[in-house]
1. Taking a probe of 1.4 Å and counting only protein heavy atoms, give the total accessible area buried between chains B and A in Å², rounded to the nearest 100.
2. Give me the one-decimal nm value for the distance between modelled label points at residue B:58 and residue A:119, 7 Å along each residue's Cα-to-Cβ direction.
3. Just how much of residue A:11 is accessible, in Å², when a 1.4 Å probe is used and the result is rounded to the nearest 10?
4. Which links in B:75/B:186; B:71/B:177; A:74/B:75; B:25/B:75 stretch past 29 Å when you go from one Cα to the other?
5. Taking a virtual spin label 7 Å from the Cα of residue B:159 along the C-beta vector, which residues in segment B:50-88 bring their backbone nitrogen under 17 Å of it?
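The values are calculated or read from the model by the stated rules, or taken from the named source; none is laboratory data. Predicted model, so just to flag it, every value in this text is computed and none were measured. Positions of Cβ are generated from backbone atoms using ideal geometry, with glycine treated the same way; all protein chains shown enter the neighbour counts. The accessibility values were calculated without ligands, DNA or RNA, using every heavy atom of the protein model including side chains. Shrake-Rupley method; radii C 1.70, N 1.55, O 1.52, S 1.80 Å.
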Amino acid sequence: MNCRNAQAKLSALVDGELPGREALLVREHLLRCPRCAQEWRALRGLKLAMGQLPDVEPPEGLEERLLAAVRREKEASRPIRLWLPAAAAAVAACATLALLNLRADEPAVASKTLPPVPASFEVDRDQAYVAASDPFGPGPVVLAAGYGRR
Amino acid sequence: MAFAIARDGNVARALDREHFERLLKESYRQAYALAYRLTGNAADAEDLLQDAAIRAYRFFHQYDPELPFGKWLAKILCNANVDRIRRRGRLRTTSLDQPSEAGGHVPEVADWNSLPDRAMVEESVSDPLQEGLAAVRPEFRTAVVLADIEGMEYEEIAQTMGTSVGTVRSRIHRGRKQLRRYLLEKFPDFVARMVDEL
């Protein structure tokens, strides 16, 4: 391993994040190269010093200020959130009414939903039709409206 | 029925809010320490933490209770910090982890007067390391702080910063090199003591 390769891995070695074989190769290089060994010591010293930085104490009243900021956010978003379900319910109700209204006005749909016709009526109707079609019959026969569609 | 659902939703949200406040009370001290190390001064640290807390509240429904809340808040805080620096117009838009378009590598920072957080350097007093951190590029600084102060592993840092382990490794290495060069230039005695103490 040359110096360039070793130096690129020194921080990972310091952090214990280098896989076993790679770590071994870098360590071997450090035994032979004083310059890279010095760099490794410097990086390690830096990491240790960073870890020893004093704890940062939060300023007085920070907890209250944070909670107040979050509560202001709650208040700001509340009107929308409260009205949203009610508005959704109103829109759904309007859509349902509109759909029912449309169906009531639709004739083609209505003809498909008529109640079934009794068999006796069908026999009477067919006899009337035959009578009306007979050129030697007594005269014109009035058929029920919509007969041709059945 | 819709009103019953709305009422149940309000109850659930009220419980969520209580839960959120409890978790925030438990985690804000550590989050403030991280914010302070990232920003370098108390006023910016508080602003950053407040921004992060509000974002966390807005997206609390996405929080996985199986994970530590503190780590989740740290992730939000790091993202908020990147946005904060971008707003200030101090973050370069070119990636420092990749070679430049011309094929060469982006040079390490040499001119300390044109640093991304020059104001942070000026505001940091009495602590060479904190001042040195301000001299490090924000992406590198975040990675170094998460590794050395928060004690995170690379995998964890990668998740927090939304990047790969390889990028984390590179950012930490380059961040430490920048930090060391700054300290050598500005505080040579401090560096000598640091190595002697090993």
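1. 4200 Å²
2. 7.3 nm
3. Accessible area, nearest 10 Å²: 0 Å².
4. The answer is B:75/B:186.
5. B:62-79
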